[in-house]
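The values are calculated or read from the model by the stated rules, or taken from the named source; none is laboratory data. Bear in mind that the values here come from a model prediction, so they are computed numbers and not experimental data. Reconstructed Cβ throughout: ideal geometry from the backbone, glycine too, with neighbour counts over all protein chains shown. SASA here: full protein model, heavy atoms, side chains in, ligands and nucleic acids out. Shrake-Rupley method; radii C 1.70, N 1.55, O 1.52, S 1.80 Å.
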Amino acid sequence: MNKLDLLRLANKNLWRRKGRTILTMIGVFIGTSSIVIMLSLGIGIKENQRRDLERWGSLNIIRVYSGVRFDDQGNPLGEANQLDDNAVNEIKQMEGVVGVSPAYEFGGEASWGRKRGYIQLIGVDPSQLENLEVSISEGRLFTPTDRYCIVVGSQVINNFMDERAMRRGIYIPPTNTDPKEMLNQRIAVTVQNSWGEKGQKKVFNFQVVGIMDEKNMERSMEAYASIEDIKKMRDFMLKVSNNYPQQGIMAGGRNSNSQARKSSQKQEENYSFIIVRTKDVAYTKKVSQALRDAGYNAYSIADALEGIEQSSKIIQAIFGGIGGITLLVAAIGITNTMVMSIYERTREIGIMKVIGASFADIRTMFLAEAGLIGFMGGGAGLLFSYLASYFINKLAVNYINMGMPMEEGAVKISIISPWLALFAIGFSILIGLISGLYPANRAIKLSPIKAIRNE
Amino acid sequence: MGSIIRLKSLTKKYKIGGEVITALNNVNLEIAQGEFICILGTSGSGKTTLLNITAGLERPTKGSVIINGVELSKVKEKDMAVFRRKYMGFIFQSYNLIPSLTALENATLPLIFSGVGIKERNKRAKELLVELGLGNRLFNKPTQMSGGQQQRVAIARALINNPEIIFADEPTGNLDSKTTNEIMELLIKLVKEKNRTLIMVTHDLELAQYADRVVHMVDGEVKKISVREETDYA
Ligand SMILES: Nc1ncnc2c1ncn2[C@@H]1O[C@H](COP(=O)(O)OP(=O)(O)OP(=O)(O)O)[C@@H](O)[C@H]1O
Ligand SMILES: [Mg+2]
C-alpha cells in the first residue's frame, strides 16, 4: 500500500469520531506542552548560568601556565611542562585548536598626557589576534608589522588618574569614563632593571590603535601588544648585573623557582603563558583535559561548566520526568481510543482483509492513525509551548530582570531550542506509534470471517 | 478446460458448547474456469459455509480446497492477502461498503492495497462505475445511496482487480425483484465478458436459472447438481 494513501485513509478514519479524537489529542497536547515547557525552563537555567560564566571570560579560551600543577583536591602534582616554542607547536597540533599564541606578561607604571596609572600588558603573536577572539569596538587591531602598538580593554582607562588631582591629594575615582578617550593616545611605560647600583630606567612608548569591545571581564583590564615589543621590555627588565641577586621581576614571576635557577638563562626564554583558542566549548573541555594529561597547567572558564551542566542535567531530568508522566497518561489515552476504534470497526477491518488488505496494511493503517494523534497533539502542544514560553519570559523580564543593566539583554528563563522542538514532535509521534502497537496487533488478529458473519 | 477450483471431501464441524454441528459433510466439487455456479439451499443448509471455505476465509475440518493448483490450507494466513487480491472478488448480501469512503473510493480500495497509483485507480473505477450506471454517484457515501446502488458499488469493488473468481453470497438478498434482475444482468454480463468464474449463493430458485450449474445443498450435503440446458440462456 502506498504511504500517502495510507496516511490519507488514516486521517480520514481519525476524523470520523471528531470528539473522541480531539479529546485524545488534548491528552497528548497537555503531555507535550508540559514536557516542552519543563525542559525549556531547564535549558533556560543552564543558559543563564552559562551566560554568567561567559561574563568572566570566553568559554573558548584556555590559558596554559607554568609552575606547579595541582590536582582537583589541590594537592601538588609537581612541575608543569615548560612553556617554550616546542610547547606552542605541540598545542597547535591538538584537535579542535583554532589559534595558539605564546604570551609575555608585563605590568608596570604608565602615563598618558596628564594621567598616570598602571597598565597590564600582554604580548601576543599579532597574526593570532583574531583567532584569539580579540575584537575591537573602536579603531583597529595591530598587524605583525606594527611596532609598539596596543589595543586596550574598556576598563584600562580606569587605572589612570589625573596627575594634578593626585598631586593635590584628591583622589577622585574615575567615573563616566569613555574608553574611546584612549584611542590614538601615546602611553609611556617605564621599565626599571637592576643593572648597577641603582638600576636603569627606560621608557617605552606605545600607541593605542584600538579599544577592545567589552565582551568579557577578564580582558577588560588588559592591553594587548606584539610579543616582540613586550619581549624587548622584559629583556631590559631582567638584565641583572652579575653581583646583584635577581630583583624587580615583575613579569614571569611564576617562572622563578629555586630549582630551576641554574638554568635561569633558559627559564628567561620561557613564555609567561600560552593562550589557546578552541573551536567550541566542547573542545575547550577536551583540549584542557588533554593539556592537563600532557603535563601542562591549563585553566579555562569552561572548566566550571562541568559542574553546572551536571546540576542542570538533574534539573532537566526532574522537569522532564514531571512532563513525562503526563505524556504517559496521554499514551494510555491513545491506546484506549484505538482499542475502542478497532472494536467499532471490527467489521470494516474484516472487509478490508477479505478484499485484499495484508497484515502489514492493517497494522500500518492503525499505527498511522495512532501516530497522527501523537503528531497533531504534539504539534499543537509545541505551538502552545512557544506561546507559553513567550509569556513566561515576558513575566520574567518584569520580575527577575528588574534593576539589571539594560545592555545585559533580557534574561530568558524558558528557552525552546530547535532540538527540543524536534524532540517534542518526534517523541509525540513515537508515543503515538508505541500506543498504537497493541491495538494494531489486535486488529491484525481479528478474524475476517467473524466480522462478515455477524450480519 | 481444467478446473480452477477443486473441493475434495470438505467437512466442516462447529462446536458450540458440547454440541457439534456439521455444517458441511463430505462435499466434492470441481468448478471450471468461466463457469457460473449457483449454490442453492434453504437457510442453514451450509451454503455460506461452503462459500467461505472455498474462498479460504474459513478452514475446513477435513478435506482440501485447491485453487489454480494451490492447496489453500498450505497458504499462510499472512500470505492470503496477496492470494485474495489476485484471485478473488467478494460480493456480500449486506454490501459491506466502508461507510466513511465515497463510492469511488470504495471501488478503488482493493487497488489501494495492491499499490496501484491514484490516477490509474480512479480511471479504472470510474469506467467500471459508469458501466454499472453510477456515473453520477461517484462521490456519494454509502448512506447516500440506495441498496441497489450500494450493491453495484460492491460489484465494482469485486471486479476492479480483475480477479479469476467472484464469490457472491446472496448478492440480491436485500433487493426488490426489479433491482435484483438489473443487478443480475449486469453481474452476469461483466463476468461473462471477461470469462470470470462466478460462485453465487442463493435460496432463490428463480436466480438459480441464470447459472450454468446449480449445486443443491441440504443439511450440509450436496444432494444434486443440475446443469442448465443451453437454450435457457439467450
Ligand atoms: N461460526 C459458527 N459457529 C457455529 N455454528 C455455525 C457457525 N457458522 C455457521 N454455523 C452453523 O452452520 C450451519 C450452516 O450455516 P450457514 O451459514 O452455512 O447456512 P446458510 O446456508 O448460509 O444459511 P442462510 O441461508 O440462512 O444464510 C448452520 O446450522 C449454522 O448455525
Ligand atoms: Mg448464508
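Structure data summary
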{"item": "In the B-A interface, the accessible area buried, summed over both sides, Å² (probe 1.4 Å)", "result": "2500 Å²"}
{"item": "Distance in nm between pseudo-label sites at A:I315 and A:I22 (7 Å out along the Cβ direction from Cα)", "result": "3.8 nm"}
{"item": "Potential extension, A:I136-A:N441 segment - 0.36 nm per residue separation minus Cα distance", "result": "103.3 nm"}
{"item": "Percent accessible area from carbon and sulfur atoms, the stretch A:102-168, protein chains only, probe 1.4 Å", "result": "43 percent"}
{"item": "√(5λ) per eigenvalue of the Cα gyration tensor, the stretch A:271-362, largest first, Å", "result": "59, 19, 8"}
{"item": "Pairwise centroid distance, computed over Cα atoms, of the stretch A:317-361 with the stretch B:153-196, Å", "result": "36 Å"}
{"item": "Listed residues B:I67, B:I91, B:I118, most fluctuating in chain B (Gaussian network, C-alpha, under 10 Å)", "result": "B:I118"}
{"item": "Antiparallel DSSP beta bridges within the protein assembly as shown, as percent of all bridges there, nearest 5", "result": "70 percent"}
{"item": "Computed E for A:Y390/A:Q289 - FRET, C-beta separation, R0 30 angstrom, nearest 0.05", "result": "0.15"}
{"item": "Spacing of the two label points (7 Å from each Cα toward its C-beta) at B:N140 and A:S127, in nm", "result": "8.6 nm"}
{"item": "Counting DSSP beta bridges with both ends in chain B, the antiparallel % (nearest 5)", "result": "55 percent"}
{"item": "Surface/4 of the Cα convex hull for the protein assembly as shown, nm²", "result": "48.2 nm²"}
{"item": "Net dipole in debye of the protein assembly as shown [+1 Lys, Arg Cβ; -1 Asp, Glu Cβ; about Cα centre; nearest 20]", "result": "900 debye"}
{"item": "Neighbourhood net charge (14 Å Cβ-Cβ; Lys/Arg +1, Asp/Glu -1) for A:V209", "result": "+1"}
{"item": "For the stretch B:123-234: span of alpha carbons on each principal axis (Å, largest first)", "result": "45, 27, 26"}
{"item": "Percentage, to the nearest whole number, of Cα pairs in chain B over 23 Å apart", "result": "49 percent"}
{"item": "B:V82 accessible area, assembled protein chains, probe 1.4 Å, Å²", "result": "90 Å²"}
{"item": "Euclidean distance between Cα centres, the stretch A:35-69 to the stretch B:19-59, Å", "result": "78 Å"}
{"item": "Residue-span extension gain [B:N68 to B:S43] - 0.36 nm each, minus C-alpha spacing", "result": "6.0 nm"}
{"item": "Length released on extending from A:R168 to A:D72, taking residue separation times 0.36 nm less the Cα-Cα span", "result": "29.6 nm"}
{"item": "For residues of B:103-112, the mean tally of beta carbons on other chains within 10 Å", "result": "3"}
{"item": "Most positive-pole-ward Cα, A:I325, B:I166, A:Q155, against dipole of the protein assembly as shown from beta carbon charges", "result": "B:I166"}
{"item": "Spread of Cα-to-Cα distances over 10 Å intervals beginning at zero, given as percent, for the stretch B:5-117", "result": "11, 37, 34, 16, 2, 0"}
{"item": "Max mean-square fluctuation residue, GNM over chain B, Cα-Cα springs under 10 Å, options B:T11, B:T42, B:T202", "result": "B:T42"}
